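**Student:** Structure in structure tokens, see below.
Bear in mind these aren't lab numbers, they're just calculated from the coordinates by the rules spelled out. Quick caveat: nothing in here was measured; it's all calculated off a predicted structure. Note: ideal-geometry Cβ built from the backbone for every residue, glycine included; neighbour counts use all protein chains shown.
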Amino acid sequence: MKSIVLSSVVTALLIFGGCSSKVPDADGSDASTNANAKEVSGVTTETVSTENSVISSGSVESGSDSMSIMEAKLESIYFEFDKFDVKPSMQGKIANDADIAKDASAKYNIKLEGNCDEWGSDEYNFALGLKRADSVKKALVAQGVDASKITMVSYGESNPTCSDKTRECWANNRRVDFKLLP
């Protein structure tokens, strides 16, 4: 009997309490003083309101722009079929990526994403993708990149860049990609 009364009270509170229709302001100021565009210490932010949400976008002088620029300079490392050792032809890319990663690791973490072609079982490809990411991590650490700033993930065959049934396409899917994380 007590559980029925308790559940009835909780249900009534949820129904009658409802949710507030007022969207809270992100900076805590009163909504009447909030303008659509404001400048705070040299940073311009714009606030766009929709029915159910507030979306803010800002420009910071060395924020996500420099992260995306650094990330675009990082080159993917490609592997041979069923292999996870870094090819001699990829050593130049590793050296270039290591130089960029050393600069980036001061501000950002580096995520290595191991990928495979469609050949092999899912379990095998996830393991192979992780081994490929680990090989690139070891090569970067040997070049002086801080190992504590590097994380690894394997996508196996689930993140292809190409879906054609050709050798060239499969070769493009056997890779390790770089992502920078704040």
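**Student:** Quick one: which residues, 5+ away or cross-chain, put their amide H under 5 Å from the amide H of Ser154? H built at 1.01 Å from N.
**Tutor:** Gly114
**Student:** With viscosity set to 1.567 mPa s and temperature to 4 °C, compute the Stokes-Einstein D of region 57-182, Rh being the Kirkwood radius across alpha carbon pairs; µm²/s, no decimals.
**Tutor:** After rounding, the answer is 87 µm²/s.
**Student:** If you don't mind, another one. Could you tell me the calculated FRET efficiency between Tyr124 and Asn96, based on Cβ-Cβ distance and R0 = 30 angstrom, to the nearest 0.05?
**Tutor:** 0.50
**Student:** Could I ask something else about it? Tally the DSSP beta bridges in region 64-181 and give the antiparallel ones as a percent, rounded to 5. Let's see the in-between values first.
**Tutor:** Values: 8 of 14 bridges.
The antiparallel proportion sits near 55 percent.
**Student:** Mind giving me the nanometre distance, one decimal, between the label points for Lys165 and Glu75, set 7 Å out from Cα along Cα→Cβ?
**Tutor:** Taking the simple label geometry, Lys165 and Glu75 are separated by 3.3 nm.
**Student:** Can you list the equivalent-ellipsoid semi-axes of region 123-182, largest first and in whole Å, using the square root of 5 times each Cα gyration tensor eigenvalue? Don't skip to the end; give the middle numbers.
**Tutor:** Working: eigenvalues 117, 27, 25 Å².
So the equivalent ellipsoid measures 24, 12, 11 Å along its semi-axes.
**Student:** Turning to a different aspect of this structure: Rounded, prolate or oblate: which fits region 73-121, taking a ≥ b ≥ c as square roots of the Cα gyration tensor eigenvalues, rounded meaning a/c under 1.5, else prolate when a/b beats b/c? Working shown, then result.
**Tutor:** Values: a/c = 3.53, a/b = 1.73, b/c = 2.04.
Here region 73-121 falls in the oblate category.
**Student:** May I pose another question? Which of Tyr124, Tyr108 comes first, and how do the rest follow, when ranked by fewest Cβ neighbours within 10 Å?
**Tutor:** On the way: Tyr124 14, Tyr108 18.
Ranked by crowding around the Cβ, least crowded first: Tyr124, Tyr108.
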